[in-house]
Amino acid sequence: MTTDKLVFFVNGKKVVEKNADPETTLLAYLRRMMGLSGTKLGCGEGGCGACTVMISKYDRLRKDVVHFSINACLAPICSLHHVAVTTVEGIGNTKTRLHPVQERIAKSHGSQCGFCTPGIVMSMYTLLRNQPNPSIAEIEDAFQGNLCRCTGYRPILQGFRTFARDGGCCGGKGDNPNCCMNQSKDQVVNASPSLFNPKDFKPLDSTQEPIFPPELLRLKDTPQTQLRFQGERVTWVQVATLTELLDLKAEHPEAKLVVGNTEIGVEMKFKNKLFPLIVCPAWVPELNTVVHGAEGISFGAACSLSLMERTLVKAVADLPAYKTEVFKGILEQLRWFAGKQVKSVASIGGNIINASPISDLNPVFMASGTKLTIVSRGTRRTLQMDATFFPSYRKTLLSPEEVLLSIEIPYSREGEFFSAFKQASRREDDIAKVTCGMRVLFKPGTMEVAELALCYGGMGDRTLSAGKTAKKQVSRFWNEQLLEDVCTGLAEEMKLLPNAPGGMVEFRLTLTLSFFFKFYLTVLQKLGREDPEDKCGKLDPTHASATLLFQKDPPSNVQLFQEVPKGQSEEDMVGRPLVHLAAEMQASGEAVYCDDIPRYQHELSLRLVTSTVAHGRIKSIDCSEAKKVPGFECFLSADDIPGSNVTGLGKDETVFAKDEVTCVGHIIGAVLADTPEHAQRAAQGVKVTYEELPAIISIEDAIKNNSFYGDEIKIEKGNIEKGFSEADNVVSGELYIGGQEHFYLETHCTIAIPRGENGEMELFVSTQNTMKTQEFVAKMLGVPENRIVVRVKRMGGGFGGKETRSTLVSTAVALAAYKTGRPVRCMLDRDEDMLVSGGRHPFLARYKVGFMKTGKVVALEVEHYSNAGNSMDLSQSIMDRALFHMDNCYKIPNIRGTGRLCKTHLPSNTAFRGFGGPQGMLVAEYWMSEVAVTCGLPPEDVRRKNMYKEGDLTHFNQKLEGFTVPRCWDECLASSQYQERRKQVDQFNRENCWKKRGLCIIPTKFGISFTLSFLNQAGALVHVYTDGSVLLTHGGTEMGQGLHTKMVQVASRVLKIPTSRIHITETSTNTVPNTSPTAASVSSDLNGQAVYAACQTILQRLEPYKNKKPAGSWDEWVLAAYQDAVSLSATGFYKTPNLGYDFKTNSGKPFHYFTYGVACSEVEIDCLTGDHKNLRTDIVMDVGSSLNPAIDIGQVEGAFVQGLGLFTLEELLYTPEGGLQTRGPSTYKIPAFGSIPVELRVSLLRDCPNKKAIYASKAVGEPPLFLAASIFFAIKDAIGAARAQHPEFSTKPLFQLDSPATPERIRNACNDKFTCMSSTPLPENCKPWSLRV
């Protein structure tokens, strides 16, 4: 069968591919075939935006060139015939000139690890190509499909806001309530300079943009003809006419139709589905037309969701309001549907035919009575979408040879009202938990119901209509009685089984009722009628806010920091907001990450083979299917290891499982093949059989079965029995804190190159821990460590996840390189990475606190349990830190804290920013909030009353010196106008029944040092070359936190030379040996002192030449020293003095010093849906004398937003059998651009030098994360207000709110009549859909 040539353009260059394989994505093609590595692989499912590129093509219907962004990871190259692709490399670079988009994200400090930066740059670039003067709202909207894990988003938005027509400073003339000029005069702080100056930015010049290829423009009138591309397993046919399409479907009814590939692409990659024949109907004119008819607007089934959105927006603006009720409902769903990258390619027809039970649009189409035109060869029929259209899971009424031609969305009529609602974990780009479309038609001029339609997604295995309930309401009046009856009917008709797929059964049922209540109120409001007999029949003013759709104010932010002292040399960059040294290269796609290293000759790809059971004996491994895959090389198992199979920090792990597996995701072996795709297919072909053994999954299971690592860890001080006996009140309870996935944008990656002699091997690894990587590889190969070199240029994020778990991959890859003698590469797919590498430890705490009526705490006992998983890893150190932080900032005279590490059959949990500290402190603030409620006192007073003072001893007997929490606290109370806003919150809560606000202020104290004291050491190496340039190397790795930038600043100050003269290439084991991991926030402290020491040695050696020629230059002194045969290379070393703590005697000093901070947050919750929005956060952080305020504020904001994810959004779900269900961005939600507080104000405390660290600075990486607990407790405050409003349903003032405070937990805690109607207890023998681990 002949294959056509595929012709497209990339960055203006023509590409002719004679062997286009339909299974090849644009991303793989760009990176492997064209060497364009700026476009990144972050998830492979279109959920993170790291692979965003711009597509330009001639649109034959609009008769114009159109530009839109897409996810290159989902776009098959075969879909790109005659289009132009623009990647980040195509718009600018550091060698010629940066594009203004690239320049602004870099200079506004919007790129930290930089892995997401090219995708964000391309989203912004595409917006500017379509709209050179966008509004702030359009800019925010452009990023709905992009994620960033480092920055906390604020600097990206602030940098790009300079492109907005409404984005500059309003000079006090705007109507933005958050304008800096509207603040009361007494709180104007000594204004600090800005972190960047927009005046330095190059203007946007649209005449400089690349032109659309003239060759493609010349083809605009040439008729399109059918194309066929034949791949290894799949044939792709691009049809040009409807007849061709229907003929193909008649001959091959099993053929899949693909337009955007946003669903099929994911199924092929992650669900291993194969579709041998794919037909693309995107060119068929009839499938792309939009017709404004007499009864509604018709859209061809291949029209993109973006086109539908644009058309409906215009219709709503042009038509009378009564005709556009349905359109507004569809637009409300599309607003949060997905990112631009998905909406611009996903088709309306694909959305319907996909028949997803949680589709956002199908309930709306069903409720509105949308008409579908269906055709096949020789037949054509029109039917209305109703409850029968989806007969079962993922099935429609279409027969295999039929095709959906078009849909007609009806105009609404006079007296007809329509609403659509959706609730998801996160607002942007998230899959709904429940979604619905609701329509009511009244008899003319009355409130009597003529028709009612209530359609739901997320309440069964398909889109459902509550037909019985709706039918009963016909001819009834729209009043309180109808509301009661509908809710009773829905509670019955929509009932879910207690173990229904998707879980959250009570929450979902409550939402079906809450949504109808919102619809009921909205219709009442639109009718503008009042039913005088009944309080709720007329719209009670306190209910009005329940009808408001989500609105977001334009973001506003303030960053305050101290200027450098007057007289500091211009060249001395310490204390100045120097831009991250690699930011410009990251913004242009030039920065090289591990997988960006070009492929080596004869390189092989490795894919892991992992266990599918939580605990079992391996009975057999069969590779016969794997061997049939083209390009298969070999399968590796424990039997292939030349050295030791024992590995891990606790020597309790294996490189490959030998006889027994102890978690789902346990690595059994690895497959090698010529490409990643072949390796994936071969790995799926390896069949392992098991004898299943009993598994312990959750903390509760472990406690019940006494399954623990080691003995109980304990810190005790005072007399706890005496304390409790003297207390006026004792409160006890328990708190569960869920785990968290690191979600660094760059997954684990290793390349191993065998050097062929004496067992030498070089590894390029994305790791925070070069030393352990080297040690584990050497031990596994049975060679001395001096034969193994580990090199790290930079990581695309780490957060603790690459401190130890990166060795899972690097050790396997090293074995493969040793066995084959060839270079081997492995970059984990996102779903593999989330499955095998573990995350933050889930904690369960049982507490008992004794206190006086005044709120003074006198006794505390807390039992902490963590889910460690199937190996020790760092779990003991993490529990140590949780116990060290169980006091947060409070002096408790009598205290006992204990910790147990639960040994379970889950992948080993590991280090994650905060390292047990956030869990320990959340428990402290949790019981503290209960003390305040029990005493009936303001929580801020109770917290202040119990706070440590300067010179106090902690519960582990370390003296607090330089304790600045009271200063931070007072400054935060003042700058946040706390007391005034507390009154406003209370007033809002009185005036609104179904929306509530909460406000909370929280302090933090974070101990700085590795708790394992010998790790507090670092080395540095400085080479000075004869031209005066300096090469600096130290033991820390760069993962976006700006460590290299700070080290260059330190060296620049010591040597008194400009930063431009100093360069850091990488971190490697052959330059600085035996390095501690880049972790525990101490890397600037330790490596900074080591760099300082090395530079001082150089200065001492140059001293004689400086004395000889005081007026000379640096270059002259260096050359003179060289010519005098003086060494210009020096090492530096530092260890933190006087550290060491003994748990047995509760004495010693675990921390060198503490970093402090305070945050005040305000939130608003929707009591009917559990949704919440973060209105404002004020942070005051003591980071000593900041080495670099831009980097430090970036760390504060990034950590805060990561904490916001931990405490309110991110939920890992496991099956009762121990399998992880949340394996990618579609199911696991990290904060997005819209998740951050509308107002974010960060202030670095002034005049608080820290004499214990380099240049009086302080560690900043982890401490700010816990401040996001202020959002958690503000939510708890708001729920308290909601419960107080319905005392008949909430009898107790104290209630349990576990972390994270997801919409489900918030809604279920706001007890009211709807939650009572939705109660679904789990019967004893019923296995739940997901298990709390």
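The values are calculated or read from the model by the stated rules, or taken from the named source; none is laboratory data. What you see is a predicted model, and the numbers here were worked out from it, not measured in a lab. Cβ atoms come from the backbone with ideal geometry, glycine included; neighbour counts cover every protein chain shown. SASA here: full protein model, heavy atoms, side chains in, ligands and nucleic acids out. Shrake-Rupley method; radii C 1.70, N 1.55, O 1.52, S 1.80 Å.
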Exercise. Which of (1) under 30 Å from Ser1052 (Cβ atoms); (2) open to solvent by less than 20 Å² (accessible area, probe 1.4 Å); (3) in a helix (DSSP H, G or I) is the odd one out, the single condition Phe1272 does not satisfy?
Worked result: (1)
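Name the one entry in Phe1143, Phe1154, Phe1133 that is open to solvent by 40 Å² or more (accessible area, probe 1.4 Å) and in contact with a Lys or Arg (Cβ under 9 Å, 6 or more places away or on another chain).
Numbers: Phe1154 fails: open to solvent by 40 Å² or more (accessible area, probe 1.4 Å); Phe1133 fails: in contact with a Lys or Arg (Cβ under 9 Å, 6 or more places away or on another chain).
Step by step, each of Phe1143, Phe1154, Phe1133 is checked, and only Phe1143 is open to solvent by 40 Å² or more (accessible area, probe 1.4 Å) and in contact with a Lys or Arg (Cβ under 9 Å, 6 or more places away or on another chain).
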For this session: With respect to Leu1012, determine if the residue is surrounded by fewer than 16 Cβ atoms within 10 Å (Cβ to Cβ) and of a type outside the set (Gly, Ala, Ser).
Result: yes
For this session: May I ask you to list the residues in the range 796-820 that are within 26 Å of Gly1040 (Cβ to Cβ), of a type outside the set (A, V, I, L, M) and open to solvent by 10 Å² or more (accessible area, probe 1.4 Å)?
Result: Phe799, Glu803, Arg805, Thr807
For this session: Check off (1) open to solvent by less than 10 Å² (accessible area, probe 1.4 Å); (2) touching a helix residue (DSSP H, G or I) at 6+ places or on another chain (Cβ under 7 Å) for Glu1304 and give me the number that stays unchecked.
Result: (1)
For this session: Go through the residues of the range 1221-1244 one by one and say whether even a single one is in contact with a His (Cβ under 9 Å, 6 or more places away or on another chain) and under 30 Å from Met1047 (Cα atoms).
Result: no
Problem set entry | Residues of the range 33-79 that turn out to be assigned to a loop (DSSP other than H, G, I, E, B), open to solvent by 40 Å² or more (accessible area, probe 1.4 Å) and not aliphatic (A, V, I, L, M), as a count | 4
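Please pick out the residue among Glu251, Glu267 that is farther than 22 Å from Ser356 by Cα and of a type in the set (D, E, K, R). Explain how you work it out, then say what you get.
Values: Glu267 fails: farther than 22 Å from Ser356 by Cα.
Step by step, each of Glu251, Glu267 is checked, and only Glu251 is farther than 22 Å from Ser356 by Cα and of a type in the set (D, E, K, R).
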Seminar exercise, completed: Scanning the range 236-288 for residues that are in contact with an Asp or Glu (Cβ under 6 Å, 6 or more places away or on another chain) and part of a loop (DSSP other than H, G, I, E, B), the one nearest to Gly1224 (Cα to Cα) turns out to be Lys273
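In the range 429-441, is there at least one residue being of a type in the set (Ser, Thr, Tyr) and either outside any strand (DSSP E or B) or out of contact with any Gly (no Cβ under 8 Å at 6 or more places or on another chain) (or both)?
Residues of the range 429-441 that are of a type in the set (Ser, Thr, Tyr), as a first pass: 435.
Those left that are additionally either outside any strand (DSSP E or B) or out of contact with any Gly (no Cβ under 8 Å at 6 or more places or on another chain) (or both): none.
So far as the range 429-441 goes, no, none of its residues is of a type in the set (Ser, Thr, Tyr) and either outside any strand (DSSP E or B) or out of contact with any Gly (no Cβ under 8 Å at 6 or more places or on another chain) (or both).
Conditions (1) farther than 20 Å from Met438 by Cα; (2) among the β-branched types (Val, Ile, Thr); (3) touching a residue at least 60 places away in the same chain (Cβ under 8 Å), marked per residue:
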position	(1), (2), (3)
Glu309	no, no, no
Lys314	yes, no, no
Tyr322	no, no, yes
Val326	no, yes, yes
Leu331	no, no, no
Leu334	no, no, no
Gly339	yes, no, yes
Val342	yes, yes, yes
Ser347	yes, no, yes
For this session: Given the conditions (1) open to solvent by less than 40 Å² (accessible area, probe 1.4 Å); (2) within 29 Å of Thr396 (Cβ to Cβ); (3) at pLDDT 95 or above; (4) not polar (S, T, N, Q), report the number of the one that Gly503 does not fulfil.
Result: (3)
Exercise. Hey, Arg380 hits all of (1) under 30 Å from Arg1305 (Cα atoms); (2) surrounded by fewer than 20 Cβ atoms within 10 Å (Cβ to Cβ); (3) of a type outside the set (Asp, Glu) but one; which does it fall short on?
Worked result: (1)
Problem set entry | Lone unmet requirement of (1) closer than 26 Å to Lys1251 by Cα; (2) part of a helix (DSSP H, G or I); (3) open to solvent by 20 Å² or more (accessible area, probe 1.4 Å) for Asn957 | (2)
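Every residue in the range 451-465 that is touching a Ser or Thr at 6+ places or on another chain (Cβ under 8 Å) and either assigned to a strand (DSSP E or B) or small (Gly, Ala, Ser) (or both), please. Before you say what the answer is, go through the steps one by one.
From the range 451-465, those touching a Ser or Thr at 6+ places or on another chain (Cβ under 8 Å) are 453-459, 461-463; that's our starting set.
Listed by number, the residues that qualify are Ala453, Leu454, Cys455, Tyr456, Gly457, Gly458.
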For this session: Please verify whether the range 1176-1193 includes one or more residues that are crowded, with 24+ Cβ neighbours inside 10 Å and within 18 Å of the chain's Cα centre (by Cα).
Result: no
Exercise. Can you tell which of Leu30, Leu74 is under 28 Å from Cys148 (Cα atoms), without any contact (Cβ under 8 Å) to a residue 60 or more places away in the chain and out of contact with any Asp or Glu (no Cβ under 7 Å at 6 or more places or on another chain)?
Worked result: Leu30
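Just to be sure, is Asp221 surrounded by fewer than 13 Cβ atoms within 10 Å (Cβ to Cβ), under 34 Å from the mean Cα position of the chain (by Cα) and at pLDDT below 95? Let's see the steps before the verdict.
Working: surrounded by fewer than 13 Cβ atoms within 10 Å (Cβ to Cβ): yes; under 34 Å from the mean Cα position of the chain (by Cα): no; at pLDDT below 95: yes.
Judged against the criteria, Asp221 is not a match.
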Exercise. If you go through the range 1283-1301 one residue at a time, how many are of a type outside the set (S, T, N, Q) and either assigned to a helix (DSSP H, G or I) or surrounded by fewer than 13 Cβ atoms within 10 Å (Cβ to Cβ) (or both)?
Worked result: 6
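Quick check, is Ala924 over 24 Å from Ala1253 (Cα atoms), open to solvent by 50 Å² or more (accessible area, probe 1.4 Å), within 34 Å of the chain's Cα centre (by Cα) and hydrophobic (A, V, I, L, M, F, W, C)?
Working: over 24 Å from Ala1253 (Cα atoms): yes; open to solvent by 50 Å² or more (accessible area, probe 1.4 Å): no; within 34 Å of the chain's Cα centre (by Cα): yes; hydrophobic (A, V, I, L, M, F, W, C): yes.
Against the criterion (over 24 Å from Ala1253 (Cα atoms), open to solvent by 50 Å² or more (accessible area, probe 1.4 Å), within 34 Å of the chain's Cα centre (by Cα) and hydrophobic (A, V, I, L, M, F, W, C)), Ala924 does not qualify.
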For this session: State whether the residues of the range 1093-1101 include one that is among the hydrophobic types (A, V, I, L, M, F, W, C) and either closer than 21 Å to Arg791 by Cα or without any contact (Cβ under 8 Å) to a residue 24 or more places away in the chain (or both).
Result: no
Problem set entry | Hits in the range 931-954 (condition: closer than 14 Å to Ile1002 by Cα and part of a helix (DSSP H, G or I)) | Ala932, Pro939, Glu940, Asp941, Val942, Arg943, Arg944, Lys945
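Condition check: among the hydroxyl-bearing types (Ser, Thr, Tyr) and at pLDDT 95 or above. Does Ser588 satisfy that?
On the way: among the hydroxyl-bearing types (Ser, Thr, Tyr): yes; at pLDDT 95 or above: yes.
Answer is yes for this residue.
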For this session: Quickly run through the range 487-509 and pick out the residues that are over 16 Å from Cys436 (Cβ atoms), among the hydrophobic types (A, V, I, L, M, F, W, C) and part of a loop (DSSP other than H, G, I, E, B).
Result: Leu497, Ala500
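Being open to solvent by less than 20 Å² (accessible area, probe 1.4 Å), assigned to a strand (DSSP E or B) and of a type outside the set (Val, Ile, Thr) is the filter here, so list the residues in the range 1022-1042 that pass it. Step through it out loud before you land on a result.
Within the range 1022-1042, the subset open to solvent by less than 20 Å² (accessible area, probe 1.4 Å) is 1022, 1024, 1028, 1030, 1032-1038, 1040, 1042.
Filter again for assigned to a strand (DSSP E or B), leaving 1022, 1024, 1030, 1032-1034.
Answer for the range 1022-1042, where residues must be open to solvent by less than 20 Å² (accessible area, probe 1.4 Å), assigned to a strand (DSSP E or B) and of a type outside the set (Val, Ile, Thr): Leu1032, His1034.
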For this session: Check the range 408-417 and report whether any residue there is open to solvent by 10 Å² or more (accessible area, probe 1.4 Å) and among the β-branched types (Val, Ile, Thr).
Result: no
Exercise. Among the residues of the range 704-733, how many are surrounded by 15 or more Cβ atoms within 10 Å (Cβ to Cβ) and under 30 Å from Leu1204 (Cβ atoms)?
Worked result: 4
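Within the range 561-572, which residues are open to solvent by 40 Å² or more (accessible area, probe 1.4 Å) and out of contact with any Gly (no Cβ under 9 Å at 6 or more places or on another chain)?
Of the range 561-572, the ones open to solvent by 40 Å² or more (accessible area, probe 1.4 Å) are 562-563, 565-567, 569-571.
Within the range 561-572, Lys566, Gly567, Ser569, Glu570, Glu571 meet the criteria.
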